[in-house]
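The next block holds one structure in the form of structure tokens; read it before the comments.
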Amino acid sequence: MRLLREQRDGLRDRILAGHRDAVDRQHALGKRTARERLDLLLDEGSFTEIDMYRRHQAHGLRIEEQRPSTDGVITGSGTVHGRRVFVYAQDFTIFGGSLGEAHATKIHKVMDLALATGSPFIGLNDSGGARIQEGVMSLNGYGGIFQRTVQASGVIPQICVVLGPCAGGAAYSAALADFTFMVRDTAYIYLTGPDVVAAVSGRRPTHAELGGAEVHGRTSGVSTFVHDDERGCLEHVRYLVSLLPASNHELPPSGPPRGAVTDVRPRLAEIVPVEPNKPYDMRAVIAEVVDDGAFLELHQDWAGNVICALARIDGEVVGVVGNQPLVLAGVLDAAASQKAARFVRFCDAFNIPLLTLVDVPGFLPGTEQEQAGIIRHGAKLLYAYCEASVPRVQVIVRKAYGGAYIVMDSRSIGADLSLAWPTNEIAVMGAEGAVNVIFRKDLAAAEDPAGLRAALVAEYGDQLVHPHFAAERGLVDDVIDPVHTRSAVARGLAMLRNKHRQRPQRKHGNTPL
């Protein structure tokens, strides 16, 4: 037994240490090893490794000459803030982290365990892609990962962390996950690499140009969060996990009450200009409404005209959607609609109440948007809100015009509680535009068009967009003083906490894609 223990311990020590030269090369690239990353992600001493001794069984093209333990991926389970998660971390020091049959089977196993136990699943990606020597078995391995990802969607939170290459089929792990993190300068996601692009187009892009963190954080929207370094990235993952339920069978973890139901925030009366066209930062409004001014914003650099964030109000987790007047005046366009729709669907899947802060002049007009499918993409957001069964509170901060008012969780599509500030203007369009349409002939024939227009604009405002117009018709439940927004929202969410809506029986809806 002593000899067997020595042999076992010696093998484990060699596996844990890794190949010294390969580890040095990984550090030289500015990257940590897979085990160092798991140490940062998980609570100290909590990791239980599975399949440490797994080795590939492939033959051909001399691959049988190298059969390292772990096969390039570390899998198992640990805790984050004391809560159970399942993880894998690809090891770039072994076969470049490439995915073969044994590698994929290890990932399949922990994915199955995560789903069976109702625990969040986190993948740390650093891989050159499919292992070419294993041919179709590598592709089959990816298919098994994607099939499990889809089956777990809406059941357990799934987080993809890209810390190196994530090429070829692996890119879909990032696209299918609920949240995707990337690190600048070292993380890349693309389906076809620079060599293939050069062969087809004649121009060879850099890795960063093709699929770097800035590309996916600002342009494509694939990356939910972008960080400067691995430590900050993994700390951010831990914070995100602290806000999420373990599965769709649980509520998000609660914190201690913060006295929000009686809180008064005088600054809210100063942040938002009365003039409907004057910009301000909606983030400042959110900071006054949520606990400690702290919120986790998703896709901060993509589709900035809408804000999506996770926060707490009186200790309870809430999803916040808000128009951002600083960007494109807060209009909804194709990208903003997609961004908000997916966030609303995530919150609904995982029992996270929704707070919608509305200040929207409409959908972005123009040929470019129409051809880009603004109707189809706007329908995604409309569908997401109509389908959501979690508690939903709407606050109309200033203007809410046209179809965009409807889409931003109006009472007509199922908001449980609609509140409005005295600055609210809810109408088909703004007063100036409405007068120009309705009284076009009168204005053209008038001796003093400017004077007539001013009078008609005032009349339109007095009759159709005065602060209590919607409230008188039951479309707004209360017109509140801005300083009481935090307390009114907290009371509303508390009132709705036990909400339950029975959905019609069906296989699934046909959401616009």
Roughly what would the spin-label model give for residue 1 and residue 372, points 7 Å off Cα along C-beta, in nm? 6.9 nm
Per-selection metrics, the chain (Cα): Rg and Dmax in Å: 26.4, 107
Separation in nanometres of the label points that stand 7 Å from Cα toward Cβ, at residue 437 and residue 459: 1.8 nm
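How much area per residue is accessible in the range 109-210 when the probe is 1.4 Å and only protein heavy atoms are counted (Å²)? The partial results should precede the final answer.
Details: 4060 Å² over 102 residues.
I get 40 Å² per residue for this part.
Please work out how much length the chain gains when fully extended from residue 153 to residue 511, using 0.36 nm per residue of separation minus the C-alpha to C-alpha distance, in nm with one decimal. Spell out each step's value before the answer.
Values: separation 358, 0.36 × 358 = 128.88 nm, distance 1.53 nm.
Working it through step by step, the gained length comes to 127.4 nm.
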In this structure, the FRET efficiency calculated for residue 446 and residue 466 from their beta-carbon separation, with R0 = 30 Å, to the nearest 0.05, is 0.75
How much length is gained if the chain between residue 284 and residue 191 is pulled fully straight, taking 0.36 nm per residue apart and subtracting their Cα-Cα distance, in nm to one decimal? 29.6 nm
Expected unfolding gain across residue 53-residue 140 under the 0.36 nm per residue rule, minus the alpha-carbon gap, is 29.1 nm
Out of the DSSP beta bridges found with both residues in the chain, what percent are antiparallel (nearest 5)? 35 percent
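Send over a whole-number figure in Å² for the accessible area per residue of the range 423-487, probe 1.4 Å. Walk me through the numbers on the way to the answer.
Values: 3750 Å² over 65 residues.
Dividing the accessible area of the range 423-487 by its residue count gives 58 Å².
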More than 16 Å apart: what percent of Cα pairs in the range 363-462 qualify? 66 percent
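Can you give me the % of accessible surface on the chain that is carbon or sulfur? Probe 1.4 Å, all protein chains present, nothing else counted. Could you put the intermediate results ahead of the total?
Numbers: 12630 of 23370 Å².
For the chain, the apolar C and S fraction of the accessible surface comes to 54 percent.
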Roughly how many Å² is the accessible area per residue of the range 1-61, as a whole number, for a 1.4 Å probe? 71 Å²
Amide H to amide H under 5 Å from residue 74: which residues, 5+ apart in sequence or cross-chain, H placed 1.01 Å off N in plane? 89, 90, 91
Taking the range 39-107, how much of its Cα-Cα pair set, in percent, is spaced more than 14 angstrom apart? 58 percent
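Quick check on the chain: helices-only [θ] at 222 nm, where DSSP H runs of length 4 and up contribute -39,500 (n - 2.57) each and the sum goes over total residues. Nearest 500, please. Write down the numbers at each step before the final one.
Details: 20 runs with 198 residues, N = 513.
Result for the chain: -11500 deg cm²/dmol, rounded to the nearest 500.
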To the nearest 10 square angstrom, how much accessible area does residue 367 have with a 1.4 angstrom probe? 100 Å²
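The values are calculated or read from the model by the stated rules, or taken from the named source; none is laboratory data. All of these numbers come straight from a predicted model, not from anything done at the bench. Here the Cβ is made from the backbone with ideal geometry for all residues, glycine too, and neighbour counts use every protein chain on show. Ligands, DNA and RNA are stripped out before the accessible areas are found, and what is left, the full protein with its side chains, is counted by its heavy atoms. Shrake-Rupley method; radii C 1.70, N 1.55, O 1.52, S 1.80 Å.
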